[in-house]
Amino acid sequence: MFNLAGGGAEKVLVDILQHFDYKQYDVELALVKHAGIYLSDIPKNVRITTLFNRFFFMLGFGLSKYFNIHFVNRLIVQHRIKDKYDAIISFMEGYSLLFHSYLTNQAEVNISWVHIDLFTHHHTKYLSIYGDKMEKACYSKMDKLVFVSNDSSSQFDKLFDINVPKTVIYNPIPKESIIQSANNTHVEKDKFVIGNVARFVEQKRLDRLLRVAKRLKDDNYDIEFWLIGEGPLKDDLMQLQKQLGLENYVFFKGFKKPAYPYIKQFDLFLLTSLTEGYPLVVCEAICLGIPICATRVTGTVEILDNGKFGVLTEQDDDSIYNAVKALLDNREQLNYYHEKSLERSAMFNIDKTMEEIYALF
């Protein structure tokens, strides 16, 4: 894994490691950078190996990015990882996959996870570490590919024609611990709250949420929007908040660990993403019985069963606005989706997910 920053895939990895059977398995976690909010959550049973210190990180990544020289990164990774393993897993696209490809002869089984719709959001294409052909070659060296949703798997096939066995394993959702954590801390609220928890990046399209909030404010809805998270676009989003006059309507709450007590106070969870793989936070909100309104992207269609368990919108401001307004105007419908979230939460069984993961090895 690249690091343990506050993203969805990083949280999924932590959840998996916290539920591993360490009587059966010996686990080592290789981090490209020893950094991230979730470092303290890694179980003591897990050995952590850091691949790069600051100097070699700057050297290796600078050479690869600006001069297309990759052998330094390869030498560093192979120097740090010398053991043989029953299985090596790259848990992310991009650097995790690339560095894994240097080590495939050191494992009986090589497995790579794909957490997003790469066809719609080919974010790894812009990392300056490899072109399409090299990325395809890295995936082709794997023995198995794991996708977090059926749609992310089918979208991958549009991008890469690779004859590697593929399987779908939904992200593990520790439902009981989510509920317990949400009840441990009380968060005050004064009004109806529409919320989102996300890393502030282009993929999440939180600018849409702000524009929808502006229209609802102009319609005189007495509500609040809460944004939980941080990210590189925070300053841009706060500037847009100011331009739209939403300082007392949309509130940036910062990164919360855990975010569950805040999610519990949402009256509606609003996902405005351009693309996803299997949005973890939607599943967490469902566990807490929060009604869901989400853009129709990979993952949400499966989680909400094509609209049976929540409202799906198209990828435009009008569609999102009309869906939210309809729910605000019909509280019986909102309560209906509260019940549907509770019903849908029955699908989350972390023990079953862990058995699917063990079956890979």
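The values are calculated or read from the model by the stated rules, or taken from the named source; none is laboratory data. On a predicted model such as this, the values are computed, not experimentally measured, just so you know. Neighbour counts run over all protein chains shown; Cβ positions are idealised from the backbone, glycine included. Each accessible area value is taken on the protein alone, full model and side chains, heavy atoms only, with ligands, DNA and RNA left out. Shrake-Rupley method; radii C 1.70, N 1.55, O 1.52, S 1.80 Å.
Within region 346-361, the set of residues being part of a loop (DSSP other than H, G, I, E, B) and of a type in the set (A, V, I, L, M, F, W, C) comprises Phe348, Ala359, Leu360, Phe361.
Among the residues of region 245-262, the ones that are closer than 25 Å to Leu304 by Cα and within 16 Å of the chain's Cα centre (by Cα) come to 3 in all. Scanning region 303-337 for residues that are out of contact with any Pro (no Cβ under 8 Å at 6 or more places or on another chain), in a helix (DSSP H, G or I) and among the β-branched types (Val, Ile, Thr) yields Ile320, Val324. What are the residues in region 288-302 that are under 17 Å from the mean Cα position of the chain (by Cα) and part of a loop (DSSP other than H, G, I, E, B), if any? Selection gives Arg296, Val297, Thr298, Gly299. Note on region 238-265: among residues that are part of a loop (DSSP other than H, G, I, E, B) and open to solvent by 70 Å² or more (accessible area, probe 1.4 Å), the one that is nearest to Thr185 (Cα to Cα) is Lys257. Regarding region 94-107, can at least one residue be identified that is among the aliphatic types (A, V, I, L, M), within 29 Å of Phe56 (Cα to Cα) and part of a strand (DSSP E or B)? There is at least one residue in region 94-107 that is among the aliphatic types (A, V, I, L, M), within 29 Å of Phe56 (Cα to Cα) and part of a strand (DSSP E or B).
Just to be sure before I move on: is Ala182 surrounded by 19 or more Cβ atoms within 10 Å (Cβ to Cβ), closer than 24 Å to Leu327 by Cβ, touching a Lys or Arg at 6+ places or on another chain (Cβ under 9 Å) and at pLDDT 95 or above in the structure I sent? Yes.
Pull up region 165-195, narrow it to residues that are touching a Phe, Trp or Tyr at 6+ places or on another chain (Cβ under 7 Å) and free of Cβ contacts under 8 Å to residues at least 24 places away in the same chain, then point me to the one that is nearest to Gly8 (Cα to Cα). Out of the qualifying residues, it is Val168. For region 319-342, a tally of residues being exposed (fewer than 13 other Cβ atoms within 10 Å of the Cβ), farther than 18 Å from Phe225 by Cα and charged (D, E, K, R) returns 2. For region 62-75, indicate whether the set of residues that are open to solvent by 60 Å² or more (accessible area, probe 1.4 Å), modelled with pLDDT of 95 or more and not in a loop (DSSP other than H, G, I, E, B) is non-empty. Looking through region 62-75, none of the residues is open to solvent by 60 Å² or more (accessible area, probe 1.4 Å), modelled with pLDDT of 95 or more and not in a loop (DSSP other than H, G, I, E, B).
Counting the residues of region 88-108 that are open to solvent by less than 30 Å² (accessible area, probe 1.4 Å), in contact with a Leu (Cβ under 9 Å, 6 or more places away or on another chain) and not aromatic (Phe, Trp, Tyr) gives 5. Among residues of region 266-287 being of a type in the set (D, E, K, R) and part of a loop (DSSP other than H, G, I, E, B), the one that is least open to solvent (accessible area, probe 1.4 Å) is Glu276. Selection of region 167-179 for residues being surrounded by 15 or more Cβ atoms within 10 Å (Cβ to Cβ) and either farther than 16 Å from Lys264 by Cα or aliphatic (A, V, I, L, M) (or both) yields Val168, Ile169, Tyr170, Asn171, Pro172, Ile173, Ile178, Ile179.
Among the residues of region 139-156, those that are open to solvent by 50 Å² or more (accessible area, probe 1.4 Å) and closer than 23 Å to Thr353 by Cβ comprise Asp143, Lys144, Asn150, Asp151, Ser154. Against the list (1) of a type in the set (Val, Ile, Thr); (2) touching a helix residue (DSSP H, G or I) at 6+ places or on another chain (Cβ under 8 Å); (3) in a strand (DSSP E or B); (4) under 22 Å from Asp351 (Cα atoms), the condition Ile16 fails is (3).
If only residues of region 183-237 that are assigned to a loop (DSSP other than H, G, I, E, B) and among the polar types (S, T, N, Q) are counted, the one that is nearest to the chain's Cα centre (by Cα) is Thr185.
Take Leu118 and decide whether it is in contact (Cβ under 8 Å) with a residue 12 or more places away in the chain, part of a loop (DSSP other than H, G, I, E, B), closer than 26 Å to Ala5 by Cβ and open to solvent by less than 40 Å² (accessible area, probe 1.4 Å). Yes; evaluated as a whole, the condition is true for this residue.
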